[in-house]
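Working notes, beginning with the structure itself.
The values are calculated or read from the model by the stated rules, or taken from the named source; none is laboratory data. As the structure is a prediction and not an experimental result, all values here were calculated from the model. Backbone-built Cβ (ideal geometry, glycine too); neighbour counts: all protein chains shown. Please note that ligands, DNA and RNA were not included when accessible areas were found on the heavy atoms of the full protein model with its side chains. Shrake-Rupley method; radii C 1.70, N 1.55, O 1.52, S 1.80 Å.
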Protein chains: 2
Amino acid sequence: MAHPKPIAPPRIPCQHCPLRRRQTFRDFNSEELAFVSRFKIAEMLAEPGMSIIVEGEQNPSLYTVLSGWGFRHKILEDGRRQILNYVLPGDMIGLQGNVMAEMQHSVEALTRVTLCTFEREKFHTLFRDHPSLAFDITWIASREESMLDEHLLSVGRRSARERAAYLLAFLDTRSRAAMEGNTGDHQLPLTQQHVADTLGLSLVHTNKTLRKLIDGGLIRWRDRGTQVIDQEGLYRVAGWRPPAESERPFI
Amino acid sequence: MAHPKPIAPPRIPCQHCPLRRRQTFRDFNSEELAFVSRFKIAEMLAEPGMSIIVEGEQNPSLYTVLSGWGFRHKILEDGRRQILNYVLPGDMIGLQGNVMAEMQHSVEALTRVTLCTFEREKFHTLFRDHPSLAFDITWIASREESMLDEHLLSVGRRSARERAAYLLAFLDTRSRAAMEGNTGDHQLPLTQQHVADTLGLSLVHTNKTLRKLIDGGLIRWRDRGTQVIDQEGLYRVAGWRPPAESERPFI
DNA sequence: CGTCCGTTTGAAGTAGTTCAATTCGAGTGG
DNA sequence: CCACTCGAATTGAACTACTTCAAACGGACG
C-alpha cells in the first residue's frame, strides 16, 4: 500500500477551491486566504485501498481532503481491525503526527481521494501569525473528538441494530453536508466488512443486521453502495439525531 | 448533582503550581507564566459524584484538574451509560464547549477534585498572543483523540479479559505519571460499575472478568481501590503497551 | 443494629461469533 | 461468447461470550 502520488498540474488555486463555495464551510478572509495559498504545496491522489498515512509514521504530511472517502483505523497484532472514523471532504489528515511524536493510527482511501498537501514547516508559522486559523484547527480537533465520543458510546452501549442505524445515518448526514449538490442518488461507498469493522461486529452478524434494515425499507444495499432511504427512520432506530452544525471551518 | 463550589482562598499562585514541578509536565517560560497567571480566576472543588460539566451546557467554564480523578461520559435516554475517558491532574475540561456550540458529554468527579478555573473571555487572547500555548491546546486535544482511538479499538475489538487488562494498565500508567511521588500503594479509585461502563460490559460479567485477573495475581481489588500488581503481565494480556511520552504540556 | 453500597455467585437466556458453503455480478483471458 | 476467477454478499447451523435475573454477602457508617 504505497503512498498517494502527486497529481500533475494544473493544481487548483485556493481562490477557486471547490470547498470554499459550499455553504457548509466558512470562508476565509483575504489575509487568511493569502497565507493558506502559500501553505499549500501540491495536490495528491490516492486510489481505493491505498494507505494515505500509516501508524508509526514520524512526520506525515498534513492533508485536507478535497474529494472522496477514506477511513482512519487501527489494527491489532493478530489482524483484528477497528475503523475509528471516516474522512470526507474538508477533513484534515495527519494533524496528530504534526503535533505529537508519531501517528497512532492509519488512514486508507475508500474511494479515489484527492488531497491538498501543506508545508509542514509552515505549521508553526500558522500558529504564530494566524490565530484565527490556529483556532480553527482546535475546532476541527474538537469536532473529531466529539464524533469519537459518539462512536464509543455506540460501540459500547448500543445494540447491533441501533449501531448500524446510527452509523448509516451519521455517514449519510455527514456526506450530504460535505458533498453538497449530489442530492440525487446518494451512495455510501462501503462494503459490509467496513461496516462490521466500524461497529465492532462480525461480518456475518453485520450482514444479518443490515438485511433487517433493508427489509424494513430503511436502506438499500448495492455492491459497495448503500443508500439511505428513510433517514428519519434510522434516527428513530438509533435513538440519535445529528448535532446542529452551523458553518464549519476548514483549512 | 450541583456544580463545583469555589474554594476559599488562599489560592495557589501559578508560580507555585504543584504540577509545574513534576517532570511529566513541561514548564512555562516567564512570558507564558505571566499570561497564565492572569488567565486563572479561581480554584474550585468538586466532591465525589458531583457533576463538573453537563452535556448540553452552552458556555462551560474552562478548567484544568489540579488533583483528583474524574471521568467523561455520555448517557442514552434509557440510562445506558458509557464512560469515555478519565481526567487526571493536568488534564483540561470544558475545552469542547469553548470551541464549539455546546458540550456533547458530561464530566463527573470520581474522587474529590480540585480545579483551576480560567477566564473564558481571555480564551481568544490566548490564541492571539500566545501561539505556543495555543499549540499546547492543540497538542492536548490531539492526545485526547489518541486515547479515544485506543479505547474504541479496545471496546470494538478486544475480548472482555483483554479490555479489562488494557484499561487497568492504561489508568495505572497515566496515574503514575500524573500523580508522581505516590510510589507506594497506588490505587485506582474505581468501582466495578465504572469499569463495566468503560468497557461496554455488564456489571456481572465485569466482576467475573476482574476476578480472574485477581486470581491470576495481576491486580488486587479492595472496595473502590484497585491496585495493579503485575503491570507487565497486564500489558501482555492486553497486547498493548503505553506510548512513550516525553514531557507534556499543560495549561 | 439496620441500612446502604459495592461486590459476589449461580443459573437461565440470548445476542453475537465462528465455521462452512453457496450465490451473485463484474472483470479477464481464451 | 464462454469458462474462469475473485471480491462481496448471503445463508444455515453449531457454539460461546456475554447479558439478565435473582439472591446473598460483607464492610462502613450513622
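Need the list of lysines near residue B:208 for cross-linking: C-alpha distance under 19 angstrom, and skip anything on the same chain fewer than eight residues off.
Counting by Cα, and skipping residues close in sequence, residue B:208 has no lysines nearby.
To one decimal in nm, how far is residue A:26 from the same spot in the other copies, if labels go 7 Å from Cα toward Cβ? Please give the shortest first.
Listed shortest first, these distances are 2.5 nm.
Treating only the Cβ atoms of Lys and Arg (+1) and Asp and Glu (-1) as charged, compute the dipole magnitude of the protein assembly as shown about its Cα centre; round to the nearest 20 debye.
The dipole of the protein assembly as shown has a size of about 940 debye.
Restricting attention to the stretch A:129-214, which trypsin sites (Lys or Arg not before Pro) occupy a DSSP loop and are surrounded by at most 15 other Cβ atoms within 10 Å?
none
Restricting attention to the stretch B:166-245, which GluC sites (Glu not before Pro) occupy a DSSP loop and are surrounded by at most 14 other Cβ atoms within 10 Å? Spell out each step's value before the answer.
Values: sites: B:180, B:232, B:245; in loops: B:180, B:245.
Sparse-neighbourhood loop GluC sites (Glu not before Pro): B:245.
Per residue of the stretch B:106-111, in order, report the coupling 6.51 cos²θ - 1.76 cosθ + 1.60 (Karplus, θ = phi - 60°) as ³J(HN,Hα) in whole Hz, putting x for Gly and Pro.
Along the stretch B:106-111, the couplings run 10, 10, 10, 7, 9, 10 Hz.
About the Cα centre, and with charges only on the beta carbon of Lys, Arg (+1) and Asp, Glu (-1), how big is the dipole of the stretch B:150-238? Nearest 20 debye, please.
300
For chain A, what relative contact order do you get, as a whole percent, if you take Cα pairs closer than 8 Å and at least 6 residues apart?
Working: 423 pairs, mean separation 53.1, N = 251.
This gives 21 percent for chain A.
Please express the shape of the stretch A:5-123 as an equivalent ellipsoid: the semi-axes are the square roots of 5 times the eigenvalues of the C-alpha gyration tensor, given largest first in whole angstrom.
Ellipsoid semi-axes (Å, largest first): 26, 16, 13.
With a ≥ b ≥ c the root eigenvalues of the C-alpha gyration tensor of chain B, is it rounded (a/c under 1.5), prolate (a/b larger than b/c) or oblate?
Prolate shape, in that a/c is at least 1.5 and a/b is the bigger ratio.
Report which residues of the stretch A:90-131 become buried by 20 Å² or more of accessible surface when going from the isolated chain to the complete set of protein chains (1.4 Å probe; DNA, RNA and ligands ignored).
A:96, A:99, A:100, A:104, A:124, A:127, A:128, A:131
Using θ = phi - 60° and the Karplus curve 6.51 cos²θ - 1.76 cosθ + 1.60, what whole-Hz ³J(HN,Hα) does each residue of the stretch A:187-192 get, with Gly and Pro shown as x?
Going residue by residue, I get 9, 9, x, 10, 9, 5 Hz, with x marking Gly and Pro.
Computing the accessible area with a 1.4 Å probe over protein heavy atoms, can you report the carbon and sulfur percentage for the stretch B:150-238?
48
Write down the accessible area per residue of chain B in Å², having rolled a 1.4 Å probe over the full set of protein chains.
41
In debye, nearest 20: dipole of the stretch A:33-163 around its Cα centre with unit charges on the Cβ of K, R (+) and D, E (-)?
Working: 15 positive and 18 negative charges, 60 e Å.
Rounded to the nearest 20 debye, it is 280 debye.
Once B and A are treated as a pair rather than alone, how much accessible area drops out, both sides summed, in Å² to 100, probe 1.4 Å?
About 4300 Å² of accessible surface is lost on pairing.
Rounded, prolate or oblate: which one fits the protein assembly as shown, using the alpha carbon gyration tensor with axes a ≥ b ≥ c (rounded when a/c is under 1.5, else prolate when a/b beats b/c, else oblate)?
oblate
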